[in-house]
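Have a look at the structure below before the remarks.
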Amino acid sequence: MIFKKNMVYILISILLIYAIYSVLFTYYKITADKVSASQFQNITIGHRGYKSLYPENTLAGIKQAYLAGADGVEFDVRLTKDTIPVIIHDRSLKRTTNGSGKINELTHAETQKFNNKHGDIISNEKIPTLYQAIELIKKYNLKANIELKHTRNKDDLVQIITKIIKDNKLYNQVYISSFHPDYLYKIRKIEPKIITALNIGEIFKYDFVNYVYNNYFASSIADFLNISILGPDYKLLNNKTIEYYQKKHLVLIPYTVNNIKDKKLFKNNKISYITDDVSSN
């Protein structure tokens, strides 16, 4: 009985979401031209730098990914209490550093009291700022996927990211990704020349909702935003879905591809991918 009740709520929610998106698509669709992202095709991107061997989202990880032969790196951005963009995946420092507390409740200076970890091993690496990471990708001529994580200061984060890309003329070297379409919408409105990517995967509580969202809504959202890249969980891709998205002229960059067999499959189809271990490519 509870399961049936939940399913009714889920179906009603899906219908409401569909209705909302239909209205948005009609009146607020991004009309700016889709930006070419051909330079991001058929490349290997290190997940959070070089996650398998080095502390994630660190300058050392970015450098070592470059030395191992990666074409680009992916890293996550959040804002500190004093609105400094820093490279960290989680809201909390607990998993990846020897510190604690939420990143948006700490100043940048307070975050520098702690060191990043790789597993249980504490490194000498501090939480880097986005500015430091940008200087490194410029130095090594690395492409970058900058993923925007959810933050209370959404507008601040979007403005900061947009300004950094414009000031450093990184339009052809960087793309901005997020699981949150509203971030991408704001970027497309402010600076339509920036390449954007919608990430999709298992982000909802129920598998059925994930299935409907990923297989039906994602392509509609991509159309609505007129984005260039789709970043799906690699498990969502097969020959049928690859052909479907490519017909929509979307560059596919799946995550996180660590199995050698899967890497070969994507390489054979000239599809880029994000991986924890760039050395096995």
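Spot the failing condition for N172; the list is (1) of a type in the set (S, T, N, Q); (2) more than 19 Å from the chain's Cα centre (by Cα); (3) surrounded by 14 or more Cβ atoms within 10 Å (Cβ to Cβ), and only one is missed.
All conditions are met except number (2).
Just name the residue that is surrounded by the most Cβ atoms within 10 Å (Cβ to Cβ) out of those in the stretch 178-222 that are of a type in the set (S, T, Y) and part of a helix (DSSP H, G or I).
Quick first cut of the stretch 178-222, residues of a type in the set (S, T, Y) only: 178, 183, 185, 196, 206, 211, 213, 216, 219-220.
Narrowing the set further to residues that are part of a helix (DSSP H, G or I) leaves 183, 185, 211, 213, 216, 219-220.
Working: Y183: 24, Y185: 21, Y211: 13, Y213: 18, Y216: 11, S219: 18, S220: 14.
Among those residues, the one meeting the criterion is Y183.
Please pick out the residue among S279, S220, S228 that is of a type in the set (S, T, Y) and touching a Lys or Arg at 6+ places or on another chain (Cβ under 6 Å).
None of the other options fit; the residue is S228.
Could you grab the pairs with beta carbons closer than 8 Å, sequence gap of 6+ or different chains, first residue in the stretch 41-59 and closer than 16 Å to V174 by Cβ, second one small (G, A, S) and surrounded by fewer than 24 Cβ atoms within 10 Å (Cβ to Cβ)?
Matching pairs, first to second residue: G46/A68; G49/A60.
Output the residues belonging to the stretch 129-175 that are within 22 Å of D90 (Cβ to Cβ), in a helix (DSSP H, G or I) and among the basic types (K, R).
Residue satisfying the conditions is K154 alone.
Give me the residue from the stretch 261-281 that is among the charged types (D, E, K, R) and part of a helix (DSSP H, G or I) and, out of that set, surrounded by the fewest Cβ atoms within 10 Å (Cβ to Cβ).
K261
Condition first: surrounded by fewer than 19 Cβ atoms within 10 Å (Cβ to Cβ), more than 12 Å from A60 (Cβ to Cβ) and within 19 Å of the chain's Cα centre (by Cα). Now tell me which residues in the stretch 130-148 satisfy that.
Of everything in the stretch 130-148, just one residue is surrounded by fewer than 19 Cβ atoms within 10 Å (Cβ to Cβ), more than 12 Å from A60 (Cβ to Cβ) and within 19 Å of the chain's Cα centre (by Cα), namely Y131.
Of all the residues that make up the stretch 61-91, how many are surrounded by 16 or more Cβ atoms within 10 Å (Cβ to Cβ) and hydroxyl-bearing (S, T, Y)?
Adding up the residues that qualify gives 2.
Restricting to the stretch 114-128, name every residue that is in a loop (DSSP other than H, G, I, E, B) and of a type in the set (A, V, I, L, M).
I127
On the basis of being surrounded by fewer than 22 Cβ atoms within 10 Å (Cβ to Cβ), in contact with a His (Cβ under 6 Å, 6 or more places away or on another chain) and on the phi < 0 side of the Ramachandran plot, does T256 make the cut?
Against the criterion (surrounded by fewer than 22 Cβ atoms within 10 Å (Cβ to Cβ), in contact with a His (Cβ under 6 Å, 6 or more places away or on another chain) and on the phi < 0 side of the Ramachandran plot), T256 qualifies.
Of all residues being touching a Pro at 6+ places or on another chain (Cβ under 9 Å) and in a loop (DSSP other than H, G, I, E, B) in the stretch 228-260, which is farthest from E202 (Cα to Cα)? Just the residue, please.
Here the residue is I253.
Where a number appears in this text, it was derived from the coordinates with a stated rule and is not lab data. Bear in mind that the values here come from a model prediction, so they are computed numbers and not experimental data. Here Cβ is always computed from backbone atoms with ideal geometry, including for glycine, and neighbour counts include all displayed protein chains.
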